[in-house]
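Heads up, the thing below is written out as structure tokens.
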Amino acid sequence: MRICVFGAASPTIDPEYMEKVEALGAEMVARGHSLVFGGGENGLMGAVARGVKKSGGYVLGVIPEFFGDENVEAVYSNCDELIEPETMRQRKQIMEDNADAFIVVPGGIGTFEEFFEILTLKQLCRHNKPIAIYNVKNYYDEISLVMEKAIEKNFVHENVLSLYLVTDDREKLFDYIETPVSSDFSVNELKEG
């Protein structure tokens, strides 16, 4: 299975996040999976790629050409394949098209946007791929609270919570990702309007 991992590019985060996400990459390979990711050297992007590569796995990086040209972000140099599209939108599309499942690790604005886009597409029944949030150090607890509040106030349909998993347990995360997904919901059961 090709798993797309969305996560932080920041090199200044707590090393515990790095260790856990690098171990996640190693576990992916142990379970027979390959990595699709944003192509960055630093932060949790670099950590997951290092974990995959150290374990002998395959890494597909997707990073916009302007990142290198404008020194936006260092490119991970050990990708088995590197695709350099022109735009961020193209980057996300390539990552989505090349993934069988998605894991969201801690990150910033870009990671939040990637998660919500892939979740929105699943809500609209444009894909049925598993989505799991790896909640390292309870990083995503507040996102879960935001979703609960949105459901409580009728901005989000409660069935949307069944479209993804939030866990800090790697075993549960992989069991969820590897279980065949079958959603019997229609768009109208996931989105009102």
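Okay, here's what the table says:
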{"item": "Residue that is surrounded by the most Cβ atoms within 10 Å (Cβ to Cβ) [pool: residues in region 103-139 that are among the hydroxyl-bearing types (Ser, Thr, Tyr) and touching a helix residue (DSSP H, G or I) at 6+ places or on another chain (Cβ under 9 Å)]", "result": "TYR134"}
{"item": "Residues of region 35-63 satisfying the condition of being surrounded by fewer than 19 Cβ atoms within 10 Å (Cβ to Cβ) and not charged (D, E, K, R)", "result": "ASN42, SER55, GLY56, TYR58"}
{"item": "Residues located in region 122-151, provided they are part of a helix (DSSP H, G or I) and touching a Pro at 6+ places or on another chain (Cβ under 7 Å)", "result": "VAL136"}
{"item": "Options SER182, SER144, SER162, SER77; residue that is closer than 25 Å to GLU22 by Cβ, of a type in the set (S, T, N, Q), modelled with pLDDT under 95 and surrounded by fewer than 19 Cβ atoms within 10 Å (Cβ to Cβ)", "result": "SER77"}
{"item": "Some residue of region 94-104 being more than 20 Å from GLY46 (Cα to Cα) and in contact (Cβ under 8 Å) with a residue 60 or more places away in the chain", "result": "yes"}
{"item": "Residues (among the small types (Gly, Ala, Ser) and crowded, with 17+ Cβ neighbours inside 10 Å) located in region 1-34", "result": "GLY7, ALA8, ALA9, GLY25, ALA26, SER34"}
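The values are calculated or read from the model by the stated rules, or taken from the named source; none is laboratory data. Being a predicted model, the structure only gives us computed values, none of them experimental. Ideal geometry is used to build each Cβ from the backbone, glycine not excepted, and the neighbour counts take in all protein chains shown.
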